[in-house]
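See structure below.
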Amino acid sequence: MPFCKFCINADLYKRDNHNCVLCKPEGKYYYQAEQLNHCGDYKPTDRASYNDNYELKKANEKLGYKEKSNGCFITTTLCNILNYEDNSEVLNTLRRLRDNYMIGKEEYNDLLVEYYVVGPIISDCLLKEKEKFVVAESLYQKYILPACKLIINNKNEDAIIQYISMVDELKTRYQIPEIKIEYDHNVKLNNKEDFKKLVRTIK
């Protein structure tokens, strides 16, 4: 997918508040080339992919941006598509639900393990979606904002149900089959790194 940050016309060292890069010919900031329906000037850099990422990492470090890990959560992907900030209140609210309410409670382990497996698959589908901006905005309004309101009102269980409904809708939309996930339930899962480490062994 053509991210503007890997375009030869992008200035990696000039960003806006949403971490979009400056398009030198346009003089405006963009995240993905698809945002410019008229853009015929998208040209990926002719360097190796490793060097592209290395240059981006250097620019991120200089500007103080934290590098995002691969396999983004679905909500993070939706917010990226819509150009919302990574530290927005919406994302932070949902992260608090995961980190402060769900993780550490055994009854949520299976749900979180499944999500760490299926989440990246759905995220990839969203990024390849032709109508990604329309789909992302619809999901944001239908599921994400209502889930945040529920969390704020201390209705965490209802928020979890809301989020499960969104994932189920996306699994149906992208025809993702049910994945039988087996793992050692004696493994301690006390933080998100424990889940990530476990999922790497499942894959």
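Every read-out reported here was derived from the displayed coordinates using simple, explicitly stated rules and does not represent laboratory data. On a predicted model such as this, the values are computed, not experimentally measured, just so you know. In this analysis, Cβ positions are derived from the backbone assuming ideal geometry, glycine residues included, and neighbour counts consider all displayed protein chains.
Brief remarks on what is shown
- Rounded to whole Å, the principal axis extents of the Cα atoms in the range 150-200 read 32, 32, 15, largest first.
- Debye, to nearest 20: dipole size of the range 132-203, +1 on Lys, Arg Cβ, -1 on Asp, Glu Cβ: 260
- Here is the list for the range 98-203: GluC sites (Glu not before Pro) lying in DSSP coil, each with at most 10 other C-beta atoms within 10 angstrom of its C-beta, are Glu131, Glu178, Glu182.
- Across the range 74-202, counting alpha-carbon atoms alone, Rg and Dmax equal 14.5, 42 Å.
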